[in-house]
Amino acid sequence: MFMKFNSVRGTKDICPPEIELWQYLEKTAVELLQDYGFSEIRTPIFEESGLFNRSIGEDTDIVEKEMYTFADKKGRSLTLRPEGTAGVVRAAIENNLLAQGNLTKLYYLGPMFRYERPQAGRYRQFYQIGAESIGSSSYWRDVEIILWCVEFFSRIGLSGIKVYINSVGCPECRPGYREVLQKFLQENTTQLCADCQRRMVRNPLRVLDCKVETCRQVVSRMPAIQNYLCQSCRDNFQDIQQALQKENITFTVDKFLVRGLDYYTQVVFEIKSENLGAQDAVAAGGRYDKLVKELGGPDMPAVGFALGMERVSEVLKKQRAGALMETWVDIYFALLGKQAQQESFNFIRDLRQSGLKVEACLEDKSLKNQMRQADQGKAKLTVIIGEEEIRKGIAMVRDMQTKEQKEIKLNDLVSFLKELKLK
RNA sequence: GUGGCUGUAGCUCAGCUGGUUAGAGCGCUAGUCUGUGGCACUAGAGGUCGCGGGUUCAAAUCCCGUUAGCCACCCCA
């Protein structure tokens with residue numbers, strides 16, 4: 001009996017030609033990150049569960065119900081990383097990358113795992129590219145990161161994106177606002193949905209982005225966090241807005257923007273695409289000034305972001321997939337007969353070594369078929385070698401655009417093709 | 001985790017109220033064109049009708065379950 005297997009729920013294969021798009025995105029992102037002074041760091045895909053509980057927050061949905069947590073053979077509780085920041089911060093501390101008073105800029109890319117119900121733009125294994133600037137409290141670092149995102153999206157030619165920002169305060173002022181909020185919600189508890197009545201107690205900030213109509217009405221009358229920020233948070237929020245304006249980055253202040261990870265402080269941002277469904281955030285991030293210390297490192301402020309590869313490639317596919325998913329070869333060898341295959345294999349090997357993209361038909365197909373393969377492979381040149389050519393010691397070289405064909409001696413073929421400068 | 005929609009050839013889908021050998025377009029292979037691509041015509045290959053059960057003389061079609069995908073909620077990148 002044969003068994004057929006499928007990829008597990010919420011995971012998928014990235015096949016050609018889509019992978020061309022991914023490679024393009026990764027390459028563009030990495031180049032731009034390096035231009036901004038970030039260095040790559042690769043951390044393990046699983047960590048001690050406690051790392052995520054501690055950094056993301058015990059009361060968050062991610063930790064509560066979305067983590068792939070398992071016990072290894074020694075009974076240690078491990079978790080597949082649901083996001084990148086915690087691991088990067090842990091690694092930076094552990095490897096003494098954080099020198100007091102210095103700035104450390106790191107980027108990462110790779111798969112993350114969350115047990116959620118799959119949907120468009122939401123997978124259980126999904127890929128993120130992200131970066132962290134650790135060691136600076138300058139709001140220009142926040143701006144730098146938002147600017148990176150804006151520039152990245154413009155560089156890959158993505159339109160229809162919008163930047164949203166908000167300030168979620170700091171340990172000084174957030175507790176105060178939280179209390180005000182809780183009090184307000186308690187007074188209006190009868191108008192809240194069941195979920196929000198639960199949130200009200202545990203994480204009242206989350207009521208802010210509830211979509212239920214009655215909750216929204218309550219929310220619209222709710223005290224805004226801006227009015228409860230401490231002086232330094234308020235200044236910081238002002239400074240960033242001014243800086244963004246100065247840099248011509250258009251943004252919207254969304255006073256309901258709350259992030260689902262507890263470690264954020266002060267300014268958080270989200271970049272959304274108009275061309276996606278409900279899962280429309282393509283990149284997001286913010287400042288997390290307390291996390292490094294929280295994880296046993298020096299008391300260092302930090303700011304970072306992550307972008308979702310699936311979502312970005314999804315939008316890009318709609319907007320300009322054709323050009324980016326194209327593949328081609330420089331030279332295609334159409335071969336007829338055993339001897340032609342034997343003679344040509346060396347040529348092909350030689351040409352490939354010199355950096356040309358070469359493909360050949362080694363499968364005894366009709367010439368018509370081979371020509372079609374060459375055409376579909378978008379070959380620039382096709383080299384035809386059959387029994388007659390072998391006998392005469394030549395090859396037919398056909399220019400696929402002009403349809404011009406000329407005879408080249410087999411001895412001269414490789415050097416002739418190399419000199420054409422097809423690259 | 002909740003609700004709705006869907007699952008028929010490699011791909012996109014049609015198959016009405018259950019009735020003989022399950023269809024189309026695209027793609028693929030071949031021929032027209034004795035060894036030359038992109039067009040056209042012709043022919044051919046290719047299907048456990050998601051899976052399991054039930055109703056029935058008879059199920060791709062009706063019912064139940066299950067699984068996967070999509071959409072929304074939730075959450076987030």
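The values are calculated or read from the model by the stated rules, or taken from the named source; none is laboratory data. As the structure is a computational prediction, the values presented were derived from the model and not from experiment. We place every Cβ from the backbone using ideal geometry, glycine too, and count neighbours over all the protein chains shown. Ligands, DNA and RNA are stripped out before the accessible areas are found, and what is left, the full protein with its side chains, is counted by its heavy atoms. Shrake-Rupley method; radii C 1.70, N 1.55, O 1.52, S 1.80 Å.
A few points about this structure:
- Evaluation of A:Val358 against (1) within 14 Å of RNA strand B (Cβ to nearest atom); (2) modelled with pLDDT of 90 or more (one fails), failing number: (1)
- Residue satisfying all of: in segment A:99-132; of a type in the set (S, T, N, Q) and more than 6 Å from RNA strand B (Cβ to nearest atom); nearest to A:Arg81 (Cα to Cα) among these: A:Gln125
- Test: residue in segment A:312-325 that is touching a helix residue (DSSP H, G or I) at 6+ places or on another chain (Cβ under 8 Å), open to solvent by 20 Å² or more (accessible area, probe 1.4 Å) and not charged (D, E, K, R): yes
- Within segment A:400-423, the residues that satisfy the criterion of being surrounded by 11 or more Cβ atoms within 10 Å (Cβ to Cβ), away from RNA strand B (no atom under 15 Å from the Cβ) and closer than 15 Å to A:Lys357 by Cα are A:Val414, A:Leu417, A:Lys418, A:Leu420.
- Within the option set A:Glu58, A:Glu20, A:Glu26, A:Glu47, being surrounded by 17 or more Cβ atoms within 10 Å (Cβ to Cβ) and not polar (S, T, N, Q) holds for one residue only, A:Glu47.
- Listed by first and then second residue, the pairs with beta-carbon distance under 6 Å, at least 6 apart or on different chains, first residue in segment A:373-389 and in the same structural domain as A:Phe345 (by TED's automatic domain parsing), second basic (Lys, Arg), are A:Thr382/A:Arg398.
- Leading residue by the ranking (farthest from RNA strand B (Cβ to nearest atom)) among those in segment A:281-297 that are touching a helix residue (DSSP H, G or I) at 6+ places or on another chain (Cβ under 9 Å) and open to solvent by 30 Å² or more (accessible area, probe 1.4 Å): A:Gly296
- Segment A:167-181: number of residues that are touching a strand residue (DSSP E or B) at 6+ places or on another chain (Cβ under 6 Å), buried (at least 20 other Cβ atoms within 10 Å of the Cβ) and part of a loop (DSSP other than H, G, I, E, B): 1
- Residue, nearest to the chain's Cα centre (by Cα), within segment A:15-60, restricted to residues that are of a type in the set (Val, Ile, Thr) and within 13 Å of RNA strand B (Cβ to nearest atom): A:Ile56
Yes/no matrix, rows are residues, columns are (1) of a type outside the set (A, V, I, L, M, F, W, C); (2) closer than 16 Å to A:Gly110 by Cβ; (3) assigned by TED's automatic domain parsing to the domain that holds A:Ala120:
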residue: A:Phe5; (1), (2), (3): no, no, no
residue: A:Glu26; (1), (2), (3): yes, yes, yes
residue: A:Val30; (1), (2), (3): no, yes, yes
residue: A:Leu33; (1), (2), (3): no, yes, yes
residue: A:Gly57; (1), (2), (3): yes, no, yes
residue: A:Ile62; (1), (2), (3): no, no, yes
residue: A:Lys65; (1), (2), (3): yes, no, yes
residue: A:Tyr68; (1), (2), (3): yes, yes, yes
residue: A:Glu83; (1), (2), (3): yes, yes, yes
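- Close pairs (9 angstrom Cβ cut-off, 6 or more residues apart or separate chains): of a type in the set (Lys, Arg) in segment A:249-266, surrounded by fewer than 17 Cβ atoms within 10 Å (Cβ to Cβ) anywhere: A:Lys255/A:Ala224; A:Lys255/A:Gln226
- Residue match in segment A:237-259 (condition: within 13 Å of RNA strand B (Cβ to nearest atom) and under 20 Å from the mean Cα position of the chain (by Cα)): yes
- Hits in segment A:72-92 - residues which are in contact with a helix residue (DSSP H, G or I) (Cβ under 7 Å, 6 or more places away or on another chain) and more than 16 Å from RNA strand B (Cβ to nearest atom): A:Ser77, A:Leu78, A:Arg90
- Flag if A:Thr214 is part of a helix (DSSP H, G or I), within 16 Å of RNA strand B (Cβ to nearest atom) and open to solvent by 30 Å² or more (accessible area, probe 1.4 Å): yes
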